[in-house]
Amino acid sequence: MTHEHLVMSFECSYTPPPPGDEAMAENPFKMQHMHWLRQHPYSCRENLFLSQETNALRDELLAYKKAGGGTIVENTTTGIDRDLPALRQLAKDTGVHVIAGAGYYIDCTHTEATKKMSVEKLTNSIVNEVLHGADGTDIRCGVIGEIGTGWPITESEKKVLRSTAHAQAQLGCPVIIHPGRDPAAPAEVVRILQENGGDISKTVMSHLDRTIFDEGELLEFANMGSYLEYDLFGTEMLNYPFNLKVDMPSDSQRVKTLAFLVKEGYEDKIVIAHDIHTKNRLTKFGGHGYSHILKNIVPKMLTRGITQHQVDKILIDNPKCWLTFK
Ligand SMILES: CC(=O)NCCS(=O)(=O)O
């Protein structure tokens, strides 16, 4: 899985509940709220603290391993409460390989100190997180990202993108991007990375499921050469609060898009994940957990014209190729 979170907080994205449902913001987790939470995951404060569930996470990872999972890229970066010692402990306890992410999340989580840093200083901090260890630990990150960007991309986010490209040019490492919620956002990020010496062939563009909908636009973007990530498997909601114009696809629609990209020749550039970032998606709370793709999505892919060889590319070969330092 190339895009997951095990320990993070998503407080920065709290969105008030719809009118009439105000009490739900502070409501404790109860069985009768689970459907509401699936529809409004960002409107209950407690739901945003995955960081409180390390015990449940241990069980999740053991179940993932039993289902055939070996490795998880944990994309929590500075700004959403990365906790590297907790990740190391989870990896030790379960035997699942956990690859941590270096760098910074979106603008509203940048501190004043981060906003004042030069591109050179930001580059050094990212390189240091990969070569020597992050957050005062000796735990070294294996990817840069998820690097957060919004739409339009802010000045501070542009500086972080330039630093990401410079760090990648030095290290030959994988990069993963969280684009803004506009169809033009992924291509704009790629342009900034390219202009600053980034290697697009070793860059994953995340969250395409909620970003590019038109097939022509998708092929145009695919042609720019990044990995194409569909990473919201398991998320189905009617009203996507961060952009109400977006119709969040169902898992069936996601599989249809994967089959389309495979037919168009992009089987070497697709990667997939669940991007679990709220509590309600854990099996402890009736959610789909980290094994949903392995248990439910792969069988569906096989019935929709994607071969086992192509599934293996998407789940094994492409991530391996992306994650290998040059
Ligand atoms: C943790 C994170 O950034 N998840 C992405 C959520 S989004 O709704 O696809 O932007």
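Brief remarks on what is shown
- Cross-link partners of Lys116 among lysines, defined as those whose alpha carbon lies under 26 angstrom from its own and excluding same-chain residues fewer than eight positions apart: Lys158, Lys159.
- Spherically averaged projected area in nm², based on the convex hull that wraps the Cα atoms of the chain: 15.5 nm²
- Residue among Ser163, Ser118, Ser43 with the largest mean-square fluctuation in a Gaussian network model of the chain, springs linking Cα atoms under 10 Å: Ser118
- Estimated vicinal HN-Hα couplings, Hz - region 166-173 in sequence order (Karplus 6.51, -1.76, 1.60; Gly, Pro = x): 5, 5, 5, 4, 6, 9, x, 9
- Region 155-209: trypsin sites (Lys or Arg not before Pro) falling in loop per DSSP and having at most 16 other Cβ within 10 Å: Arg181
- Once backbone amide H atoms are built at 1.01 Å from N, Ala273 has Tyr230, Asp231, Leu232, Phe233 as its partners under 5 Å, excluding neighbours fewer than 5 places away on the same chain.
- Average Cα contact separation per residue, the chain, under 8 Å, 6 or more apart, as relative contact order %: 19 percent
- Evaluated at q = 0.16, 0.24, 0.29 Å⁻¹: base-10 log I(q)/I(0), Debye formula over Cα of region 86-141: -0.58, -0.99, -1.17
- Kirkwood Rh, Cα atoms: Rg over Rh of region 164-290: 0.98
- Region 81-187 - convex hull of alpha carbons, volume per residue in Å³: 110 Å³
- Restriction of the trypsin sites (Lys or Arg not before Pro) in region 28-85 to DSSP coil positions whose beta-carbon has at most 13 other beta-carbons within 10 angstrom yields Lys30.
- Low-density loop positions, GluC sites (Glu not before Pro), region 228-311 - DSSP coil, at most 14 other Cβ in 10 Å: Glu264
- GNM top mover of Leu232, Leu218, Leu61 - the chain, alpha-carbon springs below 10 Å: Leu218
The numbers here are math on the coordinates, done by the rules we state, and not lab data. Note that this is a predicted model, so its numbers are computed, not measured. Glycine also receives a Cβ, built like all others from the backbone with ideal geometry; neighbour counts cover every protein chain displayed.
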